[in-house]
Every structure is written in C-alpha cells, then in structure tokens.
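The values are calculated or read from the model by the stated rules, or taken from the named source; none is laboratory data. Model, not experiment: these values are computed from the prediction. Cβ atoms come from the backbone with ideal geometry, glycine included; neighbour counts cover every protein chain shown. For the accessible areas, the whole protein counts, side chains as well, though only heavy atoms, and no ligand, DNA or RNA atoms are used. Shrake-Rupley method; radii C 1.70, N 1.55, O 1.52, S 1.80 Å.
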Amino acid sequence: MAVELSMSVCNYDRTAALFDGRAPVEGCDVTAIALEPEESFHRAFKFQEFDVSEISMSSYLLSVARNDSHYVAIPAFVSRLFRHSSIYIRTDRGIKTPQDLKGKTIGLPEYQMTANVWVRGMLQEEYGVHPRDIKWRRGGLEEPGREERARISLPPEIDLKAVPADRSISDMLEKGEIDGILSARAPSCFLRGAPNVARLFPDDPAAEEAYFKKTKLFPIMHAIGIRKSLVERHPWLAVSVYKAFLKAKAICMHEMGQIGHLHVTLPWPVYAHDHARKVMGEDYWPYGAHENKLPLETLARYSFEQGLSVRQVPLDEMFAKATYELTKI
C-alpha cells in the first residue's frame, strides 16, 4: 500500500517533473502543492502542515542545532543564488563600495533568513564589514508586521530592532529613512525606479562570477525537508523522495540543453547553460551532501559565527543518513 504524502515546493523547472508525474516518488502517492517558498517555510516551521516541504537552510540549521527540528532534510537544493544582487542602497548616502556600509542603517525582512546569512558572511570575509558594523532594522519588505520565522537570540553587540509596526522597509528606503536593504526579493521601490535607490553592485552577474572563481561557493538557499516521524516510520522514504528530486533535476538539465526547441522562454538559454558549465563545471547545480561540503560547512559556520545557531552543525548531522551514500551499479 502506497504511503500518502503531502508535498509543498515551488514549481521550478527543476521540480516541474514532480508535479507532472515524470519523477514519481517510489512507494508513495503524492499530493503536490506549488507554493512560494515563504509560504512553504511559514507553514512548515510554524505548523508542520506538510509531509514534505521546501525549507530554508538557515531556519533548518537553527532547529537542528537546538535538536528540535520536526523535519529531516535531504540534500536536494532546489534554490541556490548568488546574493550580490540582494543588496539595495540609497545612492545619496555616499555608499560606493561594500565598506561604505559600515555605520549605516540597513533594513531586512528577517535577520536569520538564508540569503542574509550569506550576504553578511560575504561582507565580512570579502570586504571586512562585520555584522556589528551595521545597524539592522527588521520589518516586512512590502507588508508591515513580519516576524522572524525561527527563534533567535543574538549577541549584544548586534544592533537589531524592529521597524514601526505600521511600516514596510521598502517604503522606508524610498523615503530615505534607512540607508539600504538586504532582501532576496527586489523591493517595489527599486522595481518602480524610485529616485536614489539602486543595487550596490550595478553589474551583479560579473561580481558574482568573480566571487565564485575566487571562493568556489555557489550559495545554497533551500533544501527539502521530510517530516521526521515519517522517516522514522518508513526508513526507505528519505531515499525515495531524494531520488525523485534527482530525477526531476536531471530532466530539467536535459531540457535546458535542447537547442532545437527552447524549454525556457528566453532567446539564449542554451548559451547561458553552456556558460554556466564553462565557469562552474558540468554539474553546476549539484545535489548531495558530500558534493556540497564547502557551501554547507560555510553556511553552518556563518550561522554559528553570526550568533544564530547555538552550535556549528557538522555535515554529518544535516541530512537523513541514507542520503549520504546512494546505491551504485
């Protein structure tokens, strides 16, 4: 009898085959719901609504470090992004370089969100800007009242305060009440072309490519979590789900390389696919724990150094044990 699973994940090209049936989960009858990541995270971490869910790597590491996670992850990294493009600034505050962020007041939707952990780590290691050098102001990007998804307790040297309950940080940036924003999503004031609002890195693809060539880091944002109680009841489940995500990614990568008929609604997607392989290697979006040892251990270190995780989570505690070594034929 098949195990019934509810699954919430964004309908990316690399997960599309999970929705259309080309990448089934062995032994399972899956009800898949396509949700934006923020909604999946909220419903998973607050209410544990789904059996399988896209999860924030930062929030997950915090819960693993405290030994209170309701989910166990598999190393299918459905979201990865370089985050130089996530830093938005007022152009009338003398901010020309990352070092100019020292002493500035910067808004963010959540201090602990994965994108911001990566940005702060990058700012410190590449530019000497420590988190304590910035005044942090937390609030909803577009809607007032957003809170941290995961419980945090920061060192006293970190200046983090909530913005007024009736304000959004995009509006505050547009009106010059803060000097910048760290955000995974582009603030609406930037998209509208508001005066004096721009990205810190005007040519972010070039900056991100240089960052990869120097550090070999392709930042991991999201993984896939499975309800821990289900994995305990069905030890085979983690590998079955992981194999489905691997197959879905393989289908996506095959389609991206097709030049005769384009699967992506862009004029040059095959060129971009080939360029990524040239710069980053044939499997430029790897899944797997060992295959991602460097970015995973870097993120865990950043989380601990920034006062988020109560301990630095080692690689061998991050994922369901069976997913570290799949069968080879």
Take segment 287-329 and flag every residue that is open to solvent by less than 60 Å² (accessible area, probe 1.4 Å), in contact (Cβ under 8 Å) with a residue 60 or more places away in the chain and in a loop (DSSP other than H, G, I, E, B).
-> TYR287, GLY288, ALA289, GLN306, GLY307, LEU308, SER309, VAL313, MET318, ALA320, LEU326
Mind checking whether some residue in segment 201-218 is touching a Leu at 6+ places or on another chain (Cβ under 7 Å) and either under 18 Å from ASN11 (Cα atoms) or open to solvent by 80 Å² or more (accessible area, probe 1.4 Å) (or both)?
-> yes
Every residue from segment 63-76 that is buried (at least 20 other Cβ atoms within 10 Å of the Cβ) and either of a type in the set (A, V, I, L, M, F, W, C) or part of a loop (DSSP other than H, G, I, E, B) (or both) | VAL64, VAL72, ALA73, ILE74, ALA76
For segment 288-306, which residues satisfy the criterion of being in contact with a helix residue (DSSP H, G or I) (Cβ under 6 Å, 6 or more places away or on another chain) and among the hydroxyl-bearing types (Ser, Thr, Tyr)?
-> TYR302, SER303
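Name the residue, out of GLU54, GLU36, GLU49, that is open to solvent by less than 10 Å² (accessible area, probe 1.4 Å), charged (D, E, K, R) and over 25 Å from LYS161 (Cα atoms).
On the way: GLU36 fails: open to solvent by less than 10 Å² (accessible area, probe 1.4 Å); GLU49 fails: open to solvent by less than 10 Å² (accessible area, probe 1.4 Å).
Just a single option satisfies the conditions, and that option is GLU54.
Please state which one of LEU123, LEU108 is without any contact (Cβ under 8 Å) to a residue 60 or more places away in the chain and open to solvent by less than 30 Å² (accessible area, probe 1.4 Å).
Details: LEU108 fails: without any contact (Cβ under 8 Å) to a residue 60 or more places away in the chain.
Exactly one residue qualifies, and that residue is LEU123.
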Selected residue (criterion: least open to solvent (accessible area, probe 1.4 Å)) from residues of segment 237-264 that are among the β-branched types (Val, Ile, Thr) and modelled with pLDDT of 95 or more = VAL241
Considering (1) within 24 Å of GLN112 (Cα to Cα); (2) not in a helix (DSSP H, G or I), say which one GLY260 fails and leave the rest.
-> (1)
Read through the list (1) closer than 30 Å to LYS213 by Cα; (2) among the hydroxyl-bearing types (Ser, Thr, Tyr); (3) in a helix (DSSP H, G or I), then give the number of the only condition that SER79 fails.
-> (3)
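Have a look at ARG151, ARG146 and point out the one that is in contact with an Asp or Glu (Cβ under 9 Å, 6 or more places away or on another chain), open to solvent by 10 Å² or more (accessible area, probe 1.4 Å) and over 22 Å from ASP203 (Cα atoms). Reasoning before the result, please.
On the way: ARG151 fails: in contact with an Asp or Glu (Cβ under 9 Å, 6 or more places away or on another chain).
ARG146 is the lone residue from the list that is in contact with an Asp or Glu (Cβ under 9 Å, 6 or more places away or on another chain), open to solvent by 10 Å² or more (accessible area, probe 1.4 Å) and over 22 Å from ASP203 (Cα atoms).
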Kindly indicate the residue of segment 87-101 that is within 26 Å of the chain's Cα centre (by Cα) and open to solvent by 50 Å² or more (accessible area, probe 1.4 Å) and also nearest to MET122 (Cα to Cα) among those meeting that condition.
-> GLN99
